[in-house]
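Following: one structure in structure tokens, then a few remarks.
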Amino acid sequence: MNRRNFVKNSLKASAATTMAVTGFPTIVPASVIGKNAPSNKINIGAIGVGRISRDHDMKETLPFDQARIMAVCDVDSKRLADGKKYVNDYYAAKTGKPYDGVTMYDDHRALLANKDIDAVLISTPDHSHAYLGIHAVEAGKDVYLQKPASLTIAEGRALSNAVHRTGRILQIGSQQRSSTQFRYAAELVRNGRIGDLKTVYVGLPGDPGGDEEPEMPIPKNLNYDAWLGSTPNVYYTEKRVHPQNDYSRPGWLRMEQFGAGMITGWGAHHVDCAHWGMDTEYTGPIEISGRADFPKSGLWNVHGLFQTEGVYANGVKMIISNEIPNGIKFEGTEGWIFVTRGDYRASSSDPIPTGKNKVLPLTASNNKIITSVIGENEINLYKSTDHHGNWLESIVSRKQPISPVEIGHRSCSTCLLHHIAMKLKRKIYWDPMNERFLNDDEANAMLNRPHRFPYEVKGLD
């Protein structure tokens, strides 16, 4: 009996034998799969072991006894060695014994070929998310994929199709869904506590532009061609990629070649949770318009100040801007609810409001709105209290996680629609069912980008 079937059958036989681990969700305990039996753990490979992996993905996965990170992969050999040490040191400190059980890979394909690996964490730049996600599910691995789901709408569709075709579990790293206040806010809206929903305001942080940066020699430890992946070949400069001497915020986040900026960087989180409250998780807006300032020079070229608006088929409007408070405001006929992260941050560079800008995680026009109780016969949404733990639960149960791929694709595609509207500076009309613009060849040409050989994303139309 292979490992996955063993875990699955043991879970069925011991359905009542679950326990709550302090600070983590209920998950299959060691007693079900054999206490401290390494061969029965969920073996995980981490692809991309930079800032977000160290601060969030590996960090949040390591505490679970049911999982073991047994491999790391990165195209930067310095970071690769650091990643191996990071995991080895964690397990050594946990067990009180020397540990050296982590294998290094400089090519994700070799890691995915390892049949002992059950699942992967993908914590890489945006432009490689769909490419790596598709490779992983086609190799039979379950996936935790950092948001946003893709660089383009076409890539997101290919990713979702691949996940459904292979039957793998894929959790999008939109961890706000596992924060109580975001779920509760969505339940309050869905159950009519603010009357009929009319407008949703989504506030995002901003990103300034930058200076011109000189060409630099490619570090010997960096496979720059693989890092660029499907995007065009451009000269190397450190601020285009990631810092060589620390794990601070990388420069690629401000480059349109690798992502769309804050509209997807934070927008994928907030739009996802907005859709949750709007009950529009599997669709998108039908009309989008807006404005944005873009740097006229310099290396960093993602959008600056902006405001965009999307209108949904039910008439609800979503306004997104970095000129309004960071969070989501649901406005209805009988009041409003505002929800934000509060003091929580997924990585050290996440902004936390302080002083006069400090806000509570959940507020409303009337305190009675947020103190009301959601009844058993009302809409009760999927509950998770730990995003990585929920992913591990889903790997065992084979039930969908709280942030499945299609929902992640739809929130990402909505962000990208707003980005396209910024670029075109006019109203555009979208068919969410067919994922095409109506009678607009110029806009439809922006649904995908050219892909550089041999890093093409599979499954594109």
Restricting attention to region 315-329, the residues that are assigned to a strand (DSSP E or B) and at negative phi number exactly 7
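What helices (runs of 4 or more DSSP H), lying completely within region 35-126, carry at least 1 residues that are more than 21 Å from Leu228 (Cα to Cα), in contact (Cβ under 8 Å) with a residue 40 or more places away in the chain and not assigned by TED's automatic domain parsing to the domain that holds Arg254? Even if it seems obvious, please write down each step before you answer.
Numbers: elements: 58-61, 77-95, 108-112.
Passing ranges, in order: 58-61, 77-95.
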For region 180-212, how many residues meet the condition of being closer than 25 Å to His129 by Cβ and touching a Gly at 6+ places or on another chain (Cβ under 9 Å)? 11
Whether any residue in region 408-426 is surrounded by fewer than 13 Cβ atoms within 10 Å (Cβ to Cβ) and in the same structural domain as Met262 (by TED's automatic domain parsing) is what I want to check. yes
For region 173-182, indicate whether the set of residues that are of a type outside the set (D, E, K, R), part of a strand (DSSP E or B) and closer than 19 Å to Trp266 by Cα is non-empty. no
Among the numbered criteria (1) at pLDDT below 95; (2) over 24 Å from Ser123 (Cα atoms), which single criterion is violated by Glu334? (1)
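Restricting to region 232-263, count the residues that are in contact with a Lys or Arg (Cβ under 8 Å, 6 or more places away or on another chain) and either closer than 28 Å to Gln307 by Cβ or in the same structural domain as Gly50 (by TED's automatic domain parsing) (or both).
So in region 232-263, the residues in contact with a Lys or Arg (Cβ under 8 Å, 6 or more places away or on another chain) come out as 232-234, 242, 244, 247-252, 255, 261.
Those still in the list that are either closer than 28 Å to Gln307 by Cβ or in the same structural domain as Gly50 (by TED's automatic domain parsing) (or both) too: 249-252, 255, 261.
Total satisfying the criteria: 6.
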When region 252-280 is checked residue by residue, the ones that are in contact with a Ser or Thr (Cβ under 8 Å, 6 or more places away or on another chain) and surrounded by fewer than 21 Cβ atoms within 10 Å (Cβ to Cβ) are Gln257
Which count do you get for residues in region 191-221 that are under 25 Å from the mean Cα position of the chain (by Cα) and at pLDDT 95 or above? 6
Somewhere in region 290-302, is a residue part of a loop (DSSP other than H, G, I, E, B), in contact (Cβ under 8 Å) with a residue 24 or more places away in the chain, touching a strand residue (DSSP E or B) at 6+ places or on another chain (Cβ under 8 Å) and not aromatic (Phe, Trp, Tyr)? no
Just one of the numbered conditions (1) over 24 Å from Cys412 (Cβ atoms); (2) free of Cβ contacts under 8 Å to residues at least 40 places away in the same chain; (3) not in a helix (DSSP H, G or I) is not true of Arg168; which one? (1)
Going through region 369-403 one residue at a time, which ones are surrounded by 20 or more Cβ atoms within 10 Å (Cβ to Cβ) and assigned to a loop (DSSP other than H, G, I, E, B)? Ser384, Asp386, Pro401, Ile402, Ser403
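The values are calculated or read from the model by the stated rules, or taken from the named source; none is laboratory data. This one's a predicted model, so the numbers in the text were calculated from it and none came from an experiment. In this analysis, Cβ positions are derived from the backbone assuming ideal geometry, glycine residues included, and neighbour counts consider all displayed protein chains.
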